[in-house]
Amino acid sequence: MSRSRRILGVVGQHSVLIGLAIIFALPFFFMLLQSVTPIEEAKTSVLWPSTFDFGNYGEVFDRVPLARYIRNTLLVCTLVVTGTIVSCVPVAYAFSHMRWRGRGVVFVLVLSTMMLPFQVLFVSQYEIFSNLGWLNTVLPLVVPSFFANAFSIFLLRQFFLTLPTETIDAARADGASEFQILTRIVVPLAKPGIMAVAIFQFLFAWSDFFGPNIYLSDEANLTLAVGLVRLNTAAARLGESNLTMAASVIFVMPLVVIFFFAQKIFIEGVTLTGTKG
Amino acid sequence: MADTVAHPGASTELEGDRGARHVSVAIGASARSVPPERLRAKRRADRKRRLTVLVLLSPWIIGFLVFTLYPILNSFYWSFTVKRYGSPARWVGLANYELLFTNDDLLTALGNTAYLAIFGMPVRIGIALLAAALLVRKRRGNGVYRTMFYVPSIVPAVASGALFFFLLKEGGPLSGLFGLFGADAPLWFRDPQWAKPALIMVTTWALGDLMLILLAGLVDIPRSLYEAAELDGAGRWAKFRHVTLPMISPVIFFIVLTGLIGVLQSFDQAYVFSQGVREGRLTGEPGGSLLTYAMLQLRLFQDGRIGFASAMAWVMFLITFVITMVMLATRRKWVHTATEEWA
């Protein structure tokens, strides 16, 4: 291939990349722009606002109990992450560094529950939580996470399998109990993997709409995801998309920040779920 | 999965994978001359370990019984009954299933789901593969592009739904862009013809996960294959067609399989686009063009038709199961398997 053709190829590839990058970034750009568009201009759909009105962000807090939503969402996220880690780490340990009869079969059973559509479960789960009197509380959203989920077990197991068996076998030979091995060797060594699972669960709990939407009803109990959808519906009638966008920015920004701080963990986690399945 | 399923006769030490081999050599040497008291101690240790495993697994076991197995059996039973919350179920046999398949809504929802799969998935996978292929070679600035393509996929579905609802609405920025080209902007959320493309647009924006998975697959392709193809005089397209595509096919297979299951459950964005609930019912507007399977089931559930909703969940489960089994059974047709033969 001649030199000029190669340069042309590189230029071509870069133009495609730049074009794609612009298309992917454009929605974010309009989201931020609309979130600071003054209310009168938001209604008349001007593309570029005459002034930036940061007051929209304050207005959203006045219009809906956004502080409550944030508090509720953080509560759910914290409990879901704690529950998942506390329950899944021991299970994943038993599936990675202990040998016992039937391990393979039981692990297949764990994985097969990932295939179940949640629709098969929620109608009946709703009755369980309703009988317990848990409707309109966060309990239906957080309690199940204390009983391990297949996805996190799978991910943690993949991380645990990369740990050196020699260290664990040596500790076992020295008479360490399985609980000691788990807490003193496996957990400290697998911190990045545990972090990855914690981040994924946080993201899931933060974004979840379906669960909170069926279990929570009182305005004061809603999470951000449900609050945003209700605001969007209300604001669409009034043409106040600037408020919806300001609320969206508040909703999305923490996730983007987490992503930038934990980019490496993130990417490894996603890749692991996709290729080693 | 690397686990070997233990055969009944094997001692626990000999089971399993990873590192088991060098342990077993040491044990195998001494096992023949173990005195009886040592054997008893070993049995005690085995029992203790079984108990330990049970304790470690207990969160999953309880969760599986209470939040998975019981609800499944329950909803299976309910699917043959007429049932409302707070009142006992009344057996009606297959009536729910018969009603389901004579119900227009179900066909609408299934049709919409199929539309999203048939038109949405190739677009998403195609663009994700293009992006991944451009990023696979190490070059300056790739990290920035990768981040830009990935970040939309961490945006929660309801937020991206609200965002595109704003972008595409009458007088929204994207309509403005259409205006620049002198075209009339379609009425995305009023015209049934355009509502589903709008849905595909949002999900395509969030293709970051796919791109990362494909990228990891592309990185794993040995350079030597490309070099060999170049020696044979293959051009860019030929290399893509005869090296990249076959080598990446297992990853694409995985994406298509999980994607199909995902489409069947798609809910959030359609809910936002159709403005959720109108007069207490999920609408799937405009003209039912956004009514997905998951939305329809939630509607039945909210109407208090629990037996009906359960029947629908089971139909959904069967569809998912059949798709998975058919795809796994025909895997060899879609996937190039040379790598597995080498391994």
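Every number here is computed from the coordinates shown, using simple stated rules; none is lab data. The model shown is predicted, which means the values in this text are computed figures rather than measured ones. A quick note on method: Cβ atoms are made from the backbone with ideal geometry, for glycine too, and the neighbour counts reach across all protein chains shown.
For the range A:96-157, the alpha carbon positions stretch 42, 20, 19 Å along the principal axes, listed from largest to smallest. Name the longest site-free stretch of chain B, where the excluded sites are GluC sites (Glu not before Pro) in a DSSP loop with no more than 15 other beta-carbon atoms within 10 Å. So the longest stretch without any such site is B:1-169. For the range A:194-277, a Kirkwood hydrodynamic radius built from all Cα pairs, placed in the Stokes-Einstein relation at 20 °C and 1.002 mPa s, yields a translational diffusion coefficient of 147 µm²/s.
Extending 7 Å from Cα along the Cβ direction at B:H336 and again at B:R139 yields two label points whose distance is 2.2 nm.
Ordering A:Q125, B:H242, B:Y85 by Cα displacement along the dipole of the protein assembly as shown toward the positive end leaves B:H242 in first place; charges were set at the Cβ atoms of Lys, Arg (+1) and Asp, Glu (-1). Peptide B:71-77 shows a mean partner chain C-beta count of 5 within 10 Å per residue C-beta. In sequence order, the range A:211-225 has phi-based couplings of x, x, 5, 8, 8, 9, 10, 5, 2, 6, 9, 5, 9, 4, 4 Hz under the Karplus curve 6.51 cos²θ - 1.76 cosθ + 1.60, θ = phi - 60°, and Gly or Pro positions carry x. Excluding same-chain neighbours fewer than eight residues apart, the aspartates and glutamates reachable from B:K42 by a Cα-Cα span under 18 Å are A:D169, A:D174, A:E178, B:E13, B:E15. Legend: translational diffusion of the range B:157-263 by Stokes-Einstein, Rh = Kirkwood radius over C-alpha pairs, 37 °C, 0.692 mPa s; D = 193 µm²/s.
Whose amide H sits under 5 Å from the amide H of B:T81, counting only residues 5 or more places off or on another chain, with H placed in the peptide plane? Residues meeting the criterion, in which the H sits 1.01 Å from N, are B:V92. Per-residue mean of other chain beta-carbon atoms within 10 angstrom of the beta-carbon, peptide A:28-41? Mean partner-chain Cβ count within 10 Å for A:28-41: 2. Per the Debye formula with a single identical scatterer at each Cα and no solvent contribution, what log10 I(q)/I(0) holds for the protein assembly as shown at q = 0.05, 0.07, 0.09, 0.12 Å⁻¹? The computed values of log10 I(q)/I(0) come out as -0.26, -0.51, -0.84, -1.39. For the range B:96-171, the list of trypsin sites (Lys or Arg not before Pro) that fall in a loop by DSSP and count at most 11 other C-beta atoms within 10 angstrom reads B:R137, B:K138, B:R140. For the range A:62-275, the fraction of C-alpha pairs more than 24 angstrom apart is 52%.
For the residues of A:166-175, the average number of beta carbons from a partner chain within 10 Å of their own beta carbon is 1.
Taking R0 as 56 Å, what FRET efficiency do you get between B:L69 and A:R237 from their Cβ-Cβ distance, rounded to the nearest 0.05? The value I calculate is 0.80.
Can you give me the relative contact order of chain B as a percent, contacts being Cα pairs under 8 Å and 6 or more apart? That works out to 23 percent. For chain B, the fraction of C-alpha pairs farther apart than 25 angstrom is 69 percent. Between the helical axis of A:66-96 and the longest alpha-carbon principal axis of chain A there is an angle of about 20 degrees. Over 30 Å apart at the Cα level, from the set B:K239/B:K333; A:K191/B:K48; B:K196/B:K239; A:K264/B:K48, are B:K196/B:K239; A:K264/B:K48.
Restricting the calculation to alpha carbons of the range A:3-55 gives Rg and Dmax of 17.9, 56 angstrom. Mind listing which chymotrypsin sites (Phe, Trp or Tyr not before Pro) in the range A:54-145 are in a DSSP loop and have 11 or fewer other Cβ atoms within 10 Å? Answer by residue number: A:F54. The trypsin sites (Lys or Arg not before Pro) of the range A:217-277 meeting both criteria, a DSSP state outside H, G, I, E and B (loop) and at most 12 other C-beta atoms within 10 angstrom of the site's C-beta, are A:K276.
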